[in-house]
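Scroll down for the structure; my scribbles are underneath it.
The values are calculated or read from the model by the stated rules, or taken from the named source; none is laboratory data. Note that the structure is predicted; figures quoted are calculated from it, not measured. Don't worry about glycine lacking a Cβ; one is built from the backbone with ideal geometry, like all the others, and counts go over all protein chains shown. Surface accessibility is based on the protein's heavy atoms, side chains included, excluding ligands, DNA and RNA. Shrake-Rupley method; radii C 1.70, N 1.55, O 1.52, S 1.80 Å.
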Amino acid sequence: MDVKLVDIGKKYEGRSEYTLRNINLEIKDKDFCVILGPSGCGKSTLLRMIAGLNSITEGDLYFGDRRMNTVPPKDRDIAMVFQSYALYPHMSVYDNLAFSLSMKKENPKIINERVLEAAKVLQIEDYLQSKPSEISGGQRQRVALGRAMVRKPKVFLMDEPLSNLDAKLREHMRVELVRLHHSLDTTSIYVTHDQTEAMTMASKIILLDDGIIQQDGPPEEFYNQPANLFVATFIGSPTMNLFAGKMKDGVFISNDGDIRITPTPEDAKVLLAYQDKDVTVGIRSERFISGGELGDTFNAYVEVVEMLGKEKLLYGKLPKGQNITISVPGHFEYRPGETHSFGYDVEAIHYFDSSTTNRIV
Amino acid sequence: MNQTAKKPKKRLFGRKDKSDVYLSDRPPLSTAGIIGLIITYVLLISWAVVVIWPLFQMVKSAFNETQFQYITSGQRFEFGLKHFKALFEETNYLKWVWNTIWIALVTMGLTVLFVSFTGYAYSRFRFRGKKFSLMGLMLIQTIPTFVGITAYYAMHQIISGPVPFFTRQMMLVLIYAGGGIAGNTFILKNYMDSVSTDLDDAAKIDGCSYMQTYRLIIMPIVRPMLAIIALWSFMAPFTDVLLPTVLLTKNQDLTLAAGLRTLISDMRTLNQPAYAAGGLLIAVPIVVMFMLLQKQLIGGLASGSVKG
Ligand SMILES: Nc1ncnc2c1ncn2[C@@H]1O[C@H](COP(=O)(O)OP(=O)(O)OP(=O)(O)O)[C@@H](O)[C@H]1O
Ligand SMILES: [Mg+2]
């Protein structure tokens, strides 16, 4: 089912400011859409409006062609997984799974079938008679998923469902969730503040901040063409290196003079308009060239080396003292205290307008 | 031969040797600690004596055939059920029991029902004047119920005009139930606040109306608190003397506490040992109610958190 948000805004009772405003969004059928953003930006609010748990102050919400603004949650053909799981503590796992169907007065035989089917997929068959308090966090999380699954919803909503799990299990569940999404054949909307989850799971990401959508699109686009400085720094780990400076005679020079970059001919054309204006350059840590000799280079003093196995992270300083993070393949020899020369992969340099923070090219 | 001697001594009752590892989490007792412990025990025991001695006297005189109208100490003890017989045959005791039990049950039902609604509303809904009215409820609570006694007379007259079968006893039920609502609402609201509203949201998505959310999800979770409220409101009519004494005029209409009082305050019906016997029997319905509610009192929240 397509989900369409037209000019949606939300103002909470008793607040003077809108929490969200002018949200325009189209989520295609069978998309795995991740709503990403820092804490408190209104991700849950947006999701709860789609679920019908919060009222929509302004704008329209459509599922397919149907306007849903005033349709009660139970008639929206949705299922939701809560961060706290919200399992009914006094019911057994089986009853938790069966509850929504029995509220719909579904045939007991069908209920039983669906519950067992979901339990099988999620491997919680052995715990069907246990109370939620008697099973582990990971199992609870599966029960919460199962409760959503048995409804066979058109739209599957999840609010940070993995945040209570430990790192290993979270990694595992990420894959499981995507698999589940494909097998259910639904549209999924998933809220998280973890950019790794967003990058790995999404077919479409929506990055929220300051009550507006900063960027929306597929994950690669976020990584390779961030729309502004906020997106550039929010996505990717380690955080993108940023250097504030100016364009002088077609060459970027950082304010302290340590960094000089000659743009590619294509970039240079666009940057012509920014002659002598403030520009910020962004480079991801893996786009430096070790031992750079050709073209523009710079020297960095290596302070700390983090060995991650397949790669090494070098935390260093430029001659005038600015910090820089460079990642190199794990087998390269770098030691703290050394000074090395690096070059740039000029294809991979992002230019932002310092005054508006928007991407130039 | 030596071998047998080396064998460790068989432990009595399978208890572990003294030399075994010290397992308690508390530090071992010092001399000061032991003295403190002794003082604590002395205090506790004397307190227990203060509580138990009158009870013991009551039990003793209730079963003592040699006691007459007044309870006197130093009497010879002779076991018998004379006073219980007197209680059942010469007083309206059974009537009082019946009165009290139905008043208590109806009070309990009304209180639990009302408090369910008010507690849920205060905990889950935003409405104008919520804070203000909650404060108001608490303030009203501080005024003792009996100051309204003249108003109760008037109210009873007004209501019994159009509704002739509205008795004084029903008035009493209303007073008990109404009096309990304010404080209990506050308690239940606070208890419900600790239940995650995510559960309400989940129930809403699963298709519950507000009533169903309360009945199927919230109520089972707050059951221990409801059980306590039920027990308290059930017990109130058993212990209150003042209101029934003032409000109810006929001896056979009285509740237990008020009825028994006539056995020690009225010269015409004075019978102290029967009073003791009747007092003992009051415990029976309360204990029964306690046992009925026992399963509800424990468990509940302990058996289910939401978080992982
Ligand atoms: N019921 C409410 N009444 C008033 N304001 C609220 C309410 N719920 C949330 N807000 C406000 O709306 C803003 C967005 O909240 P929201 O819960 O959507 O954030 P979030 O992006 O989900 O954050 P997190 O990642 O921490 O869950 C916050 O500033 C919060 O204070
Ligand atoms: Mg949230």
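Structure summary
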item	result
Helical mean residue ellipticity (222 nm; -39500 (n - 2.57) per DSSP H run of 4+; nearest 500) of chain A	-7500 deg cm²/dmol
Förster radius 41 Å - calculated FRET efficiency between B:SER209 and A:THR200 (Cβ-Cβ, nearest 0.05)	0.55
On Cα atoms only, tilt of A:93-103 relative to the major axis of chain A in degrees	70
Residues of chain B: accessible area per residue with a 1.4 Å probe, Å²	63
Sum of side-chain charges, B:ASN251 neighbourhood, beta-carbon under 14 Å (Lys, Arg +1; Asp, Glu -1)	+2
Accessible solvent surface per residue of segment A:241-353, calculated while the other protein chains remain in place, 1.4 angstrom probe, Å²	51
Separation of alpha-carbon centers, segment B:57-102 and segment A:194-248, rounded to whole Å	85
Full-stretch length increase - B:LEU270, B:THR40 - with 0.36 nm per residue and alpha-carbon distance subtracted	78.6 nm
Candidate lysines - alpha carbon under 16 Å from A:LYS248, same-chain residues fewer than 8 apart omitted	A:LYS269, A:LYS277
Per-residue average of Cβ from other chains inside 10 Å of B:205-213	6
Trypsin sites (Lys or Arg not before Pro) within segment A:93-148: DSSP coil, no more than 13 neighbouring Cβ in 10 Å	A:LYS104, A:LYS105
Volume per residue of the C-alpha convex hull in segment B:92-304, rounded to whole Å³	148
Among B:TYR122, B:LEU260, B:MET192 the positive-end extreme of the charge dipole of chain B (Cβ point charges)	B:MET192
q = 0.12 Å⁻¹, chain A: log10 I(q)/I(0) [Debye, one scatterer per Cα]	-0.95
Mean Kyte hydropathy of 0.0 or more with a Cα span along the axis of at least 15 Å, helices from DSSP in chain B	B:31-62, B:93-124, B:130-142, B:149-160, B:168-193, B:223-239, B:272-297
Cα-Cα pairs of the protein assembly as shown separated by more than 47 Å (percent)	48
About the Cα centre, charge dipole magnitude for chain B (Lys/Arg +1, Asp/Glu -1 at Cβ), debye	1120
Proximal lysines relative to A:LYS10, as straight alpha-carbon distance under 20 Å, when same-chain residues fewer than 8 apart are discounted	A:LYS43
Theoretical FRET efficiency, 1/(1+(r/R0)^6), r = Cβ-Cβ of A:HIS182 and B:ARG128, R0 45 Å, to 0.05	0.40
Unit charges on C-beta of K, R, D, E only; dipole of segment A:241-353, Debye	140
Interface burial for A against B (accessible surface, 1.4 Å probe, total of both chains, Å², rounded to 100)	2300
Top positive-direction residue, dipole computed over the protein assembly as shown with Cβ charges, set B:SER133, B:MET58, A:MET199	B:MET58
Lysines whose Cα lies under 16 Å from that of A:LYS74, excluding same-chain neighbours fewer than 8 positions away	A:LYS104, A:LYS105, A:LYS152, A:LYS154, B:LYS204
Rounded percent of accessible protein surface that carbon and sulfur make up, the protein assembly as shown, 1.4 Å probe	59
